[in-house]
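The structure appears right after this line, and notes come after that.
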Amino acid sequence: VKHLLGIKGLTRPDIELIFETADTFKEVLNRPIKKVPSLRDITIANVFFENSTRTRLSFELAQKRLSADVINFSSSSSSVKKGETLLDTVNNILAMKVDMIVMRHSSPGSPHFLAKHISANIVNAGDGTHEHPTQALLDGFSIREKHGEVGGKKVAIIGDILHSRVALSNIFALQKLGAQVMVCGPVTLLPRYIRELGVQVELDVRKALQWCDVANVLRIQLERQQIKYFPSLREYSLYYGINKALLDSLDKEITIMHPGPINRGVELTSDAADSHHSIILNQVENGVAIRMAVLYLLAQSR
Ligand code: CP
């Protein structure tokens, strides 16, 4: 495999190989010296056309832990502002002898477009509302770490499913790994094609929480809403917000996940996000090992 464009194109053995490779790198990251020489002959550009905290820093740290040379591009301070196209921008970066591109872009399919026009390896770090494959991999890896395996687990993805690349990549990854997947949110924030993906649909958040072993909670993505959607943030928090009292009222223990950034007090209250149910910071920790594994495995294709 030359690129990681999405989870849709991966097989279950592909995902299991990434997890097993990440297990090894997680051990490395727990040593006093956290660095290995695996990618010391590789140069990687992190090309971000959208804001990011976790993904960009996690990729950069993964690359540095693998001893790669790293350059970072942010569109807001670049010549994109002077009218340069995506392809010209990337070809100019590649002319500096760059081997891999990690790209986040607001247009769905933009990494697939690049893959048709350039020879470097491409990793999709989030393409609009489409896919966010490394997020789904680190989410699956974190469920496996907490619950022993992903297969057979019931996972509810709760929130703004319509605008979420995390939801789509998670659905693909969890189903390939044998989990049962439910989505839950207001009907206005569920895509019309959602049942075609083979997931269960639940509009009542309490019933979704009562059903699942793991709840992956998503924020409302106001930045992707072209029109004003219902409900408002206030209504959303009233009917779908998850707090510790709600979690404590269930007749079982469930795990709470969130890809970040959290809008505290909207989809999750602090007493839920910071409770013993939460593995949110474990997800962030695991993101570095997962991204090391992805970059290492893609480098083998060179
Ligand atoms: N989870 C995630 O993609 O976070 P960032 O937008 O901060 O990268």
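The values are calculated or read from the model by the stated rules, or taken from the named source; none is laboratory data. Computed from a predicted model, the values in this text were never measured in an experiment. Ideal geometry is used to build each Cβ from the backbone, glycine not excepted, and the neighbour counts take in all protein chains shown.
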Considering every residue within the stretch 252-268, establish whether at least one is surrounded by fewer than 21 Cβ atoms within 10 Å (Cβ to Cβ), away from the ligand (no atom under 16 Å from the Cβ) and either within 22 Å of His130 (Cα to Cα) or charged (D, E, K, R) (or both).
-> yes
Residue set Gly185, Gly152, Gly198, Gly126; condition within 16 Å of the ligand (Cβ to nearest atom) and either at negative phi or touching a strand residue (DSSP E or B) at 6+ places or on another chain (Cβ under 9 Å) (or both); output residue Gly126
May I ask you to list pairs of residues, at least six apart or on different chains, whose Cβ atoms are under 8 Å apart, with the first in the stretch 41-62 being closer than 26 Å to Thr85 by Cβ and the second being within 7 Å of the ligand (Cβ to nearest atom)?
-> Asn46/Arg56; Phe48/Arg56; Glu50/Gly126; Ser52/Gly126; Thr55/Gly126; Thr55/His132; Thr55/Gln135
Would you check if Thr53 is of a type in the set (Val, Ile, Thr) and within 12 Å of the ligand (Cβ to nearest atom)?
-> yes
Return a yes/no flag: does the stretch 223-239 have any residue that is within 16 Å of the ligand (Cβ to nearest atom), under 21 Å from the mean Cα position of the chain (by Cα) and buried (at least 18 other Cβ atoms within 10 Å of the Cβ).
-> no
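Going by the conditions given, is Leu197 at pLDDT 95 or above, touching a helix residue (DSSP H, G or I) at 6+ places or on another chain (Cβ under 6 Å), in the same structural domain as Asn243 (by TED's automatic domain parsing) and surrounded by fewer than 19 Cβ atoms within 10 Å (Cβ to Cβ)?
Values: at pLDDT 95 or above: yes; touching a helix residue (DSSP H, G or I) at 6+ places or on another chain (Cβ under 6 Å): yes; in the same structural domain as Asn243 (by TED's automatic domain parsing): yes; surrounded by fewer than 19 Cβ atoms within 10 Å (Cβ to Cβ): yes.
Yes, satisfied.
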Kindly indicate which of Phe73, Phe48, Phe25 is under 16 Å from the mean Cα position of the chain (by Cα), outside the structural domain of Ala179 (by TED's automatic domain parsing) and of a type in the set (Phe, Trp, Tyr).
-> Phe48
If you go through the stretch 220-233 one residue at a time, do you hit one that is modelled with pLDDT of 95 or more, closer than 24 Å to Ile279 by Cα and polar (S, T, N, Q)?
-> no
Leu114 vs. criteria more than 17 Å from Ala293 (Cβ to Cβ), more than 16 Å from the ligand (Cβ to nearest atom) and surrounded by fewer than 19 Cβ atoms within 10 Å (Cβ to Cβ) = no
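Table: residues versus (1) within 20 Å of the chain's Cα centre (by Cα); (2) surrounded by fewer than 18 Cβ atoms within 10 Å (Cβ to Cβ).
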position: Gly140; (1), (2): yes, no
position: Gly152; (1), (2): no, yes
position: Asp160; (1), (2): yes, no
position: Ser164; (1), (2): yes, no
position: Ala167; (1), (2): yes, no
position: Lys176; (1), (2): yes, no
position: Glu202; (1), (2): no, no
position: Ala208; (1), (2): no, no
Just for the stretch 75-120: of the residues that are of a type in the set (Lys, Arg) and more than 16 Å from Arg56 (Cβ to Cβ), which one is modelled with the lowest pLDDT?
-> Lys81
Could you please let me know if Arg104 is farther than 23 Å from Gly185 by Cα, touching an Asp or Glu at 6+ places or on another chain (Cβ under 7 Å), charged (D, E, K, R) and within 16 Å of the ligand (Cβ to nearest atom)?
-> yes
Checked the stretch 59-92 for anything part of a helix (DSSP H, G or I), within 16 Å of the ligand (Cβ to nearest atom) and within 16 Å of Ile122 (Cα to Cα); matches are Phe59, Glu60, Ala62, Gln63
